[in-house]
Structure formats: structure tokens, C-alpha cells
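Beneath this line is the structure, given in C-alpha cells, with notes to follow.
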Amino acid sequence: SYPSSLCTGYYPTEGYEPCDVNEFDELAKQDVERPQYRWFAKIRLHNVRPKLSHSYWSESKCVELDNFMVDNGRIRRAELMTIWATDLDWETFTHAYVWDSMEVLDLEKGKASLLPREMIETILDYYGKKTLLKGEKDKESEYITSKEFCNSIYGNFVYKLVSDQVYFDGDWETRKLDDEGDPMFYELITQVSDTKANGFFDLGLICSAIARHRLWEFIIKFDSKCWYMDTDSVKGEFTEEDREWIENYNKK
């Protein structure tokens with residue numbers, strides 16, 4: 001799922017910039033698979049209720065919550081909730097819930113495009129070897145290397161550049177570094193970026209959002225027929241017509 005998202009998805013390759021919240025409606029009309037802009041927004045919603053039998057939004061991903069019900073860690077309903085959402089997650093949200101009113105509190109957008117061709121070709125090369133060499137006894141070392149490299153590409157996007165600092169002065173103390181006051185933060189993040197960083201967090205965030213959006217297209221389509229869902233699969237009691245829909249989706 002993740003290599004597919006990296007090779008076929010559109011990313012904010014030029015970064016994000018703040019924009020007028022009045023642009024929200026126009027941006028939200030885009031095709032999220034092939035958008036002109038990727039965007040993310042801070043949104044406050046009132047009286048949120050479910051449309052589906054499955055609940056979508058994680059409680060841990062809410063900035064603000066009031067008088068709410070949780071379904072296995074996900075919001076079932078809420079009198080008030082405030083979230084940060086990517087364009088991909090927002091589209092899924094609109095299929096999963098209804099609400100009485102909403103306010104867009106903050107909005108940023110960035111021009112969207114495919115990742116650089118060299119990166120896509122590298123991912124496809126590792127993925128191809130991982131797939132073709134599986135089970136070949138005399139190629140086991142090359143298979144393992146290709147699999148590890150393929151699986152680590154996403155990890156390089158979301159690599160934690162600066163870890164918390166731990167001090168011992170009679171008692172252990174963990175200090176969280178942030179960019180709002182710790183003078184070491186910028187120095188450390190510059191040093192680590194120069195030596196270890198191979199990707200950008202914004203791109204890693206969109207990779208997982210694309211994968212999640214594609215998975216939820218199936219959940220929205222089949223809803224109560226889905227018994228179990230994972231990163232790139234759904235299990236349930238599907239008809240031949242359902243199977244045809246799935247096969248056509250995979251071909252697309």
C-alpha cells in the first residue's frame with residue numbers, strides 16, 4: 001500500500017503556505033487523487049453524527065472534544081469537535097459523518113505533483129526485486145536487501161529528527177525539545193538534517209493519508225459487509241458483484 005501511494009500519489013512537493021480560509025470550499029471540490037493543490041485545515045464542527053456503521057476519526061487526533069461518544073478509540077458522535085485534517089482525510093470524513101455546522105479556523109495549501117521520477121523508479125526497482133526474488137534460494141541476500149530498502153523508504157520521510165533529551169542529576173528528567181523556546185532545537189535539527197534526513201515529514205504524512213483514503217473507499221462502499229480492515233485489505237462476505245467492483249478498483 002505505501003509503495004503504491006509513493007509511486008502514484010500527488011504530494012505537496014513545494015511545501016505548504018497559509019491561505020485565506022475562504023478558499024476552503026473551492027479547494028475541497030478538487031479530485032483528491034489528482035489535485036492541483038494539497039491542503040490541510042483546522043476545522044471545528046458542531047453536533048457530529050455517523051453515516052456509516054464503522055467509525056472513522058480517531059479520538060487521539062482531535063484538538064478539542066465535548067460531549068462525545070467513542071467507538072473503539074474512534075469518534076462515534078460529538079457535540080463539538082475540532083480537528084486538523086488533510087484534504088484526503090476530509091473527503092473521507094464527509095462520507096463518514098454529518099454535522100449541523102462547521103468553521104474553518106486555519107488553512108494551508110501547497111502545489112501538488114508526483115514525487116521525483118528518480119525516487120519513483122528507485123521504489124519500483126526495490127519492489128520489483130522484492131517480489132520477483134522471493135523464494136529464490138540463491139538470491140536470498142538480494143531479496144532481503146531489496147525488501148528492507150523498499151520498506152524503509154517511507155520511514156525516511158517520517159524519521160524523528162530530534163529526540164527528547166534525557167538528563168540525570170540525582171533523578172532522571174526528560175526534556176522535550178520544541179521550537180518555542182529551547183535554543184538547542186534549531187542547532188540540533190540543522191545538524192541532524194545535514195547527516196541523516198532523507199525525506200520530508202509533510203510527504204510522509206500524505207503517503208499514509210493516501211493509503212488510508214484508498215482503504216476507506218472500500219469501507220464506505222461496503223460498510224457493514226466489512227468485518228475486518230487493515231492497511232491494504234478488507235475482509236467480509238462479498239458477492240460476485242462486489243468482487244467485480246474490487247477487481248476494477250485494483251485495475252484502476
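The values are calculated or read from the model by the stated rules, or taken from the named source; none is laboratory data. Predicted model, so just to flag it, every value in this text is computed and none were measured. Neighbour counts are summed over all protein chains in view; Cβ atoms, including those assigned to glycine, are modelled from backbone coordinates with ideal geometry. What goes into the accessible areas is simple: the full protein's heavy atoms, side chains included, and nothing from ligands, DNA or RNA. Shrake-Rupley method; radii C 1.70, N 1.55, O 1.52, S 1.80 Å.
Values for this structure:
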item	result
Kyte-Doolittle mean at least 0.0 and Cα axial length at least 24 Å: DSSP H helices in the chain	201-222
Accessible carbon and sulfur surface of the chain relative to its total accessible area, %, 1.4 Å	48 percent
Which listed pairs, of Lys29/Lys252; Lys225/Lys252; Lys109/Lys235; Lys139/Lys235; Lys61/Lys221; Lys42/Lys251, have C-alpha distances above 27 Å, in listed order	Lys109/Lys235; Lys139/Lys235; Lys42/Lys251
Once the Cα gyration tensor of the stretch 86-126 is diagonalised, semi-axes √(5λ) in Å	34, 15, 6
Segments 151-157, 210-216 sorted - mean Cβ within 10 Å per residue, highest first	210-216, 151-157
Projected area averaged over orientations for the stretch 24-97, convex hull of C-alpha atoms, nm²	4.8 nm²
All-pairs alpha carbon distance profile, the chain, 10 Å steps from 0, percent	6, 22, 30, 27, 12, 3, 0
Cβ-placed point charges (K, R +1; D, E -1), dipole of the stretch 74-141 about Cα centre in debye, nearest 20	400 debye
